[in-house]
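Below: the structure, in structure tokens.
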Amino acid sequence: MLFGIERFAYVLLLITGFVSGTLYNSQYDAWPFLSANRAIALRTQRDISKSSLITYDVVTGVNLTTVIFQSLGYNDSSFTDITDLLNVGIQALSLDLYYNEYTKNWSLCPYKAVNSNSLATQCGNASTFNLASIASIVDSFLLDTDSILNTNMFYVLLNLNSMVDHESSNLSGVHRLGKIFKNITNLITPEMIHTSKLPTIGNLLFTENIRLSVVIVENNMPANTSYDLSSDLDTVFIASDLMEASEYQDVQGNTLNPLPMLYEPFDLQNTYNSSDSNQTKFRFLYETPDSQFTLSEFHTIISSGYSQIISRSFSNLSDISDFLDNSLWSWRSGQPPFVGSIEGNNGEIIEVGKNAGRCAVVTKLGWKATSCALKYRSMCQNSNHDAEYVITDDTSNYRSAAEKCYELNETYVVAVPYTAGEQSKMTDMISGDDDGVWININSISSANCWVQGVNTVCPYQKTISKRIFIKMITPGSVVSFVLVLLLIAFQFNRVPVHKNRRHWRRLMNDRLAGEFEGVAS
């Protein structure tokens, strides 16, 4: 519990709606900023799954060539759109790169764009539109979000291609891939990851404070390419699927451990599920022109533990919001609602989410916030056998859910899904008649902060309170400082009437000093 100034500052947080996002609960309405409910949902999913291995991380990404460059142009005017995508929660960028075997330069533009005569499709100035520029955008974003509230895993996925253009004079100056990423913020390097003992999400984010993985996922370079990857492999990962096809070595000639990753095209004929209970690989699926996700398929595959790479053009980039609102395996679309107060157009205070629930149930489509007083059945887990779940027959309110699980057996507790796979097992057990089943997640201690356990206090209360208090006192401090400066200025720069008064007083004193005191004799 917070007392004194910390409690006042935390209340101010709710009044001002200070969250890492805008107050809209729709990503489309919030564009180009992260919506309030998605900011909360992303943070909750990260915190709940932080004890899971990094291979269980599930993100949404885009292929920059198809989503941005082909429709908006191969030039630096597209950088604003890339920044917008990062701000709204995109956590993976897939990049098609082209190595000119003649000029020894890496380009973001394919051969047809380099040699296009059309302003709409031709490659922009490569000295500013290049891989280094993209890396700088990512680095700035990582710096801006390098806090306990906003940090998340991030991936740059490289698709390598080769071309020969003898006439090109539009040079990027980018000769080595590893050099571009070497000094980027929070970079994870191959020597930090050992497949025999993979770290957890929480270990990388909160203990090591590293979160960016740069991975070569496709290598379409010819066998006789003049480019040597070996000097990049102290910085850039090789996906394990590529390692199975050929052996890579670093500059010392040591065979490298690959990053365990599956990167393959989405296939409508495949059935994607979470049957891999021991998920030992990152799993990425990307769209192709012949196989694109429907919104329903997109969410189903996310819920099965696969990260998605969106690879299509949008007439308006903000139209990608429909996918983003369905991009979490945990919360269902639009959940959880933001709770707080905002100022209306006429200065009135409007309560937002005043009656929103503070406890979570799991439904067929994901978690949903509901009133803790309502009665639902409970999802119970055998604490001695983590893979064993059962749903109670009896209903109860949230605080009594633990008792209902205990009545089944003393080893049963209210369940929490830590990964997409665990949640998938739970949703398979829920019947179509169930409006939801209790899981052990709530925001009882603090609105907009969802935690595991009835008596768990929000871990961010002090962080948020200090930040709000600083914001609160800063305007007053500035005003006080300005007033002090003005007073000092007046002391050294008196107005004319004050200067004249001092001048005449000095003359009178000099005159009086020459006169005698007393009565003349």
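The values are calculated or read from the model by the stated rules, or taken from the named source; none is laboratory data. All values derive from a computational prediction rather than experimental measurement. When we count neighbours, we look across all protein chains shown, and the Cβ atoms used for this are built from the backbone with ideal geometry, even at glycine.
For the reader, a short list of remarks on this structure follows.
- Residue match in the stretch 325-345 (condition: at pLDDT 95 or above and either in a strand (DSSP E or B) or among the aromatic types (Phe, Trp, Tyr) (or both)): yes
- Residues of the stretch 146-185 classified as in contact with a strand residue (DSSP E or B) (Cβ under 8 Å, 6 or more places away or on another chain) and of a type in the set (D, E, K, R), total: 1
- Subset tally (residues that are loosely packed, with under 13 Cβ neighbours inside 10 Å and modelled with pLDDT of 95 or more) for the stretch 190-207: 1
- So Ile210, is it under 15 Å from Leu97 (Cβ atoms) and either modelled with pLDDT of 95 or more or part of a strand (DSSP E or B) (or both): no
- For first residues located in the stretch 260-279 and farther than 28 Å from Thr189 by Cβ, partners that are modelled with pLDDT of 75 or more and assigned to a loop (DSSP other than H, G, I, E, B) and lie 6+ apart or on another chain with Cβ distances below 7 Å form the pairs Phe266/Glu287; Phe266/Phe293; Tyr272/Ser304; Tyr272/Tyr306; Asn273/Ser304; Ser274/Ser304; Ser274/Gly305.
- Residue match in the stretch 104-116 (condition: touching a His at 6+ places or on another chain (Cβ under 9 Å) and part of a loop (DSSP other than H, G, I, E, B)): yes
- Filter pass, Leu149 being within 26 Å of the chain's Cα centre (by Cα), part of a loop (DSSP other than H, G, I, E, B) and surrounded by fewer than 19 Cβ atoms within 10 Å (Cβ to Cβ): yes
- Residue count for the stretch 181-223 satisfying the condition of being of a type in the set (D, E, K, R) and touching a helix residue (DSSP H, G or I) at 6+ places or on another chain (Cβ under 7 Å): 1.
- Residue in the stretch 360-370 that is part of a loop (DSSP other than H, G, I, E, B) and either of a type outside the set (Gly, Ala, Ser) or at pLDDT 95 or above (or both) present: yes
- Scan of the stretch 399-456 for residues that are β-branched (Val, Ile, Thr) and either in a loop (DSSP other than H, G, I, E, B) or in the same structural domain as Ser303 (by TED's automatic domain parsing) (or both), ordered by number: Thr411, Val416, Thr419, Ile430, Ile444, Val454, Thr456
- Of Ser400, Ser431, Ser383, all but one fail to be closer than 13 Å to Val362 by Cβ, surrounded by fewer than 22 Cβ atoms within 10 Å (Cβ to Cβ), hydroxyl-bearing (Ser, Thr, Tyr) and over 28 Å from the mean Cα position of the chain (by Cα); the exception is Ser431.
- Evaluation of Asp322 against (1) at pLDDT 95 or above; (2) among the acidic types (Asp, Glu); (3) more than 20 Å from Leu85 (Cα to Cα) (one fails), failing number: (3)
- Residues in the stretch 286-302 that are modelled with pLDDT of 95 or more, within 22 Å of the chain's Cα centre (by Cα) and within 21 Å of Ser333 (Cα to Cα): 4 in all.
- The single condition from (1) at pLDDT 90 or above; (2) out of contact with any strand residue (DSSP E or B) (no Cβ under 6 Å at 6 or more places or on another chain) that Met426 fails is (2).
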